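K.L.:
My structure is below; once you've seen it, I'll send some questions.
The values are calculated or read from the model by the stated rules, or taken from the named source; none is laboratory data. Note that the coordinates shown come from a computational prediction; the quantities given were computed from them, not determined experimentally. Glycine gets a Cβ as well: all are built from the backbone with ideal geometry, and neighbour counts include every protein chain shown. Ligands, DNA and RNA are excluded from the accessible area calculation, which covers all protein heavy atoms including side chains. Shrake-Rupley method; radii C 1.70, N 1.55, O 1.52, S 1.80 Å.
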Amino acid sequence: MRVSEDRYSRDRQRFDIAVQFIQHEARTHTIRAWTGLSDDRIRKLYRSYLCDGAGTRLTRHRGKSPQQVAFFMRSVRTRQEAALLASLCRLLGALPPVPAPGLARSLPGLARGELLCQAFQAYRGLVPDGLISFEHAVFLLTTLAQGEELVLGGCRDCGAALLVDRWSLRAPRCPLCAADHAQDQGTGS
Ligand SMILES: [Zn+2]
């Protein structure tokens, strides 16, 4: 009895997470990796979701998921949004506290998928026209968990959360502190 109840709630959770991933326009292979559902079941879920009328504005993305960390570093705005999203992932427990190269493979799963959805929803709540898609959020989480290129660090002056290039020699400053610093330098004080 207990076993079948557990199984039922696990299946229920699997579908709930898959629907959330669909709502966030995740790619099929991402949904498969995080929920363990087959492509066929994901396709059916897509179809029933679209038939409900709830997902009429949904775009189904195909092809590869994002792979370039440069996306997060290309402007002040993307850096700030990525740092915010990464902080939310850390606060909610989606991002493991210590990066390790082997972590990427063990990240996908129902419990973490749920936390990632919560973090992404909080991010979109704070930045409704945010630049980071859900697929990029998955990529950011994976990149930071591995810690081979980017890590979540802090501003050298105020400690604000920042994405930091792992190979940079000095801790960077956040945009506000960088502006203050430039001004101080300019006035010679
Ligand atoms: Zn700062």
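K.L.:
Once you order the gyration tensor axes a ≥ b ≥ c over the Cα atoms, which shape class does the range 130-174 get: rounded for a/c under 1.5, otherwise prolate or oblate by comparing a/b with b/c? Numbers along the way, then the final one.
P.N.:
Numbers: a/c = 2.92, a/b = 1.56, b/c = 1.88.
Oblate is the answer for the range 130-174, as a/c is 1.5 or above yet b/c matches or exceeds a/b.
K.L.:
Rounded to a whole number of µm²/s, how large is the Stokes-Einstein D of the chain at 37 °C and 0.692 mPa s, given Rh as the Kirkwood radius over C-alpha pairs?
P.N.:
Details: Rh = 18.1 Å.
Answer from the Stokes-Einstein relation: 181 µm²/s.
K.L.:
Another question, then. I need the peptides 125-134, 71-80, 12-21 ranked by packing, meaning the mean over residues of other C-beta atoms within 10 angstrom, with the highest value on top. Could you put the intermediate results ahead of the total?
P.N.:
Working: 125-134: 14.3, 71-80: 15.8, 12-21: 18.5.
Those peptides, ordered most packed to least, come out 12-21, 71-80, 125-134.
K.L.:
Could you sort the peptides 169-175, 24-30, 135-141 by per-residue average Cβ neighbour count (10 Å cutoff), highest mean leading?
P.N.:
Details: 169-175: 13.9, 24-30: 19.1, 135-141: 23.1.
Highest mean packing first, the order is 135-141, 24-30, 169-175.
K.L.:
Note down the nm distance, to one decimal, between modelled labels 7 Å out along Cα→Cβ at K64 and at D16.
P.N.:
3.5
K.L.:
Here's something else I'd like to know. Over the range 143-189, with the other protein chains present, what is the accessible area per residue in square angstrom, probe 1.4 angstrom? Before the final figure, lay out each step's value.
P.N.:
Numbers: 2960 Å² over 47 residues.
Heavy-atom accessible area per residue stands at 63 Å².
K.L.:
If you don't mind, another one. Given labels modelled 7 Å from the Cα in the Cβ direction, how far is it in nm from V98 to V127?
P.N.:
2.9
K.L.:
Oh, and also: Cβ neighbours within 10 Å, averaged per peptide: list 178-186, 154-162, 38-46 in order, most packed at the top. Numbers along the way, then the final one.
P.N.:
Numbers: 178-186: 11.2, 154-162: 16.9, 38-46: 14.1.
Ranked by mean Cβ neighbours within 10 Å, highest first: 154-162, 38-46, 178-186.
K.L.:
Considering amide H positions built from the backbone, and no H for Pro or chain starts, which residues 5 or more places from G154, or on another chain, come under 5 Å of its amide H?
P.N.:
Amide H to amide H, under 5 Å and 5 or more residues apart or across chains, G154 pairs with L162.
K.L.:
Another question about this same structure. Under the rule of -39500 (n - 2.57) per DSSP H run of 4 or more residues, summed and divided by the residues of the chain, what mean residue ellipticity at 222 nm is obtained, to the nearest 500 deg cm²/dmol?
P.N.:
Details: 9 runs with 111 residues, N = 189.
The helix-only estimate for the chain comes to -18500 deg cm²/dmol at 222 nm.
K.L.:
So what J values fall out for the range 7-14 if you push phi through Karplus, 6.51 cos²θ - 1.76 cosθ + 1.60 with θ = phi - 60°, rounded to Hz, Gly and Pro as x?
P.N.:
Values per residue, Gly and Pro as x: 5, 5, 5, 5, 4, 4, 5, 4 Hz.
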